[in-house]
Amino acid sequence: MELKGNWNFPTSIRFGAGRIRELPEVCRTLGMSRPLLVTDAALARLPLVSAAVTTCAEAGLECLVYSNVQGNPIADNVMYGVATFQAGGHDGVIAFGGGSALDVGKAIGLMVGQARPLFDFEDREDWYLRVNVSTMAPVVAVPTTAGTGSEVGRAAVITDPADHTKKIIFHPRMMPGAVVADPQLTCGLPPQVTAATGMDALSHSLEAYCSPLYHPLAEGIAVEAMRLVKEWLPAAVEEGGNLTARANMLIASSMGATAFQKGLGAMHSLSHPCGANLNTHHGLTNAVVMPYVLAWNRPAIEAKLQRLAAYLGLPGGFDAILEWLLSLRRRIGIPNTLAEIGVQPEHAARFAPQALADPSTPTNPLPMSRDDFEHLYLNCIRGQL
Ligand SMILES: [Fe+2]
């Protein structure tokens, strides 16, 4: 079966190897003639980006690159991008890269048309109603990692330097108008990045599946995404050029982000403060905390994981899922404890209130307190399941 398709769920997606060639046509369908390609500095130096710019230029699009984007991006990354967009007279954004570049690109598309400051559009109460929709710029998303799924999301995670917290900027129209999902672009990712981002995709599906909200559509998507991760993540890590593995991980990533409309949980609550304060890699941090959070939530999710285990072909329910996760982590080189990625016991008390306030917390299967988070951090730091 050729792993290729044109889909309109949850947005317009052109999926398949080599489809980056269609980028200019996709830009034109969204009315762009002078797109700003937003990516990170490391990616901007790779042939991947110059090839995309050349493809656009050959099709008559004046495409310039903005690459002031860091991992765990901050507000300045967005606001300098807005200034670049306006100074250059651009008419749309190509958000090109991993989660950070996609989120910054989407936030630039939002902010070019707004008079208020960025964090006035945080995902709280009805703040999204403050957005002037008519002046937002169109966005095409081109993912180059398989994990974040931000290409099909309606939000961007940006760190507020004022208080070192990650804030979610949200508007329904932040969903990119179109996605070019070309698994070939992910073939050059090193094994460690493939592993960490792939585990982020898994964490989205697993947390969405375990969220107590009622959303059968999201649950259906989540279980199939987890099957794809189980079947293909080891091959994607071990044989980077395996295009079938890369394609299946790329769609599993989009599916994970589609599913997490149902909510996330304590994996992301614990991970965000580590990223905001210590700049740990988001997917890697989720991968480290995953089994500890699962064990913590066990009383609330045991029956659900029984069903999941049956679908994944893992005899034994909750314990079988936990065992599979632990062996998957070992196989793809994920560290066992938060201590191994620089989180120390003294961070637990400081990060716990931030985890409690995280927007992922209300949909954790078990209600969480500040003390619970401190305890759970210590479990993850000391390796106590
Ligand atoms: Fe995530």
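When residue 276 is tested against the conditions (1) at pLDDT below 95; (2) more than 15 Å from the ligand (Cβ to nearest atom), the lone failure is (2). Would you call residue 187 farther than 15 Å from residue 290 by Cβ and either open to solvent by 10 Å² or more (accessible area, probe 1.4 Å) or over 17 Å from the mean Cα position of the chain (by Cα) (or both)? The answer is yes for residue 187. Take residue 282 and decide whether it is closer than 19 Å to residue 383 by Cβ, open to solvent by 20 Å² or more (accessible area, probe 1.4 Å) and out of contact with any Leu (no Cβ under 7 Å at 6 or more places or on another chain). For residue 282, the condition - closer than 19 Å to residue 383 by Cβ, open to solvent by 20 Å² or more (accessible area, probe 1.4 Å) and out of contact with any Leu (no Cβ under 7 Å at 6 or more places or on another chain) - is not met.
Name the pairs whose Cβ atoms lie under 7 Å apart, with the first residue in the range 127-147 and in a helix (DSSP H, G or I), the second surrounded by 19 or more Cβ atoms within 10 Å (Cβ to Cβ), and 6 or more positions between them or separate chains? That search, which allows pairs on different chains as well, returns 127/121; 128/121; 128/170; 128/171; 130/121.
For the range 148-167, filtering for residues that are open to solvent by 40 Å² or more (accessible area, probe 1.4 Å) and under 18 Å from residue 101 (Cβ atoms) leaves 2. When the range 213-253 is filtered for residues that are of a type in the set (Ser, Thr, Tyr) and touching a Pro at 6+ places or on another chain (Cβ under 8 Å), only 253 remains.
Polar (S, T, N, Q) and within 16 Å of the ligand (Cβ to nearest atom) - does that describe any residue in the range 121-143? For the range 121-143, residues polar (S, T, N, Q) and within 16 Å of the ligand (Cβ to nearest atom): absent. Out of all the residues in the range 255-306, which are farther than 23 Å from residue 73 by Cβ and β-branched (Val, Ile, Thr)? Passing the criteria: 293, 301.
Out of the residues in the range 197-231 meeting the condition of being more than 16 Å from the ligand (Cβ to nearest atom) and of a type in the set (A, V, I, L, M, F, W, C), tell me which one is most open to solvent (accessible area, probe 1.4 Å). Per the criteria, the residue is 217. Taken over the range 59-105, the residue count meeting the criterion of being open to solvent by 10 Å² or more (accessible area, probe 1.4 Å), within 13 Å of residue 34 (Cβ to Cβ) and either at pLDDT below 95 or part of a loop (DSSP other than H, G, I, E, B) (or both) is 8. One residue stands out among those in the range 106-120 that are part of a helix (DSSP H, G or I) and aliphatic (A, V, I, L, M): the one that is nearest to the ligand (Cβ to nearest atom), which is 107.
The values are calculated or read from the model by the stated rules, or taken from the named source; none is laboratory data. If you're wondering where the values come from, they're calculated on a predicted model, not measured in any experiment. Virtual Cβ from ideal backbone geometry, glycine too; neighbours counted across all protein chains shown. Just so you know, the surface numbers come from the protein's heavy atoms only, side chains and all, with ligands and any DNA or RNA stripped out. Shrake-Rupley method; radii C 1.70, N 1.55, O 1.52, S 1.80 Å.
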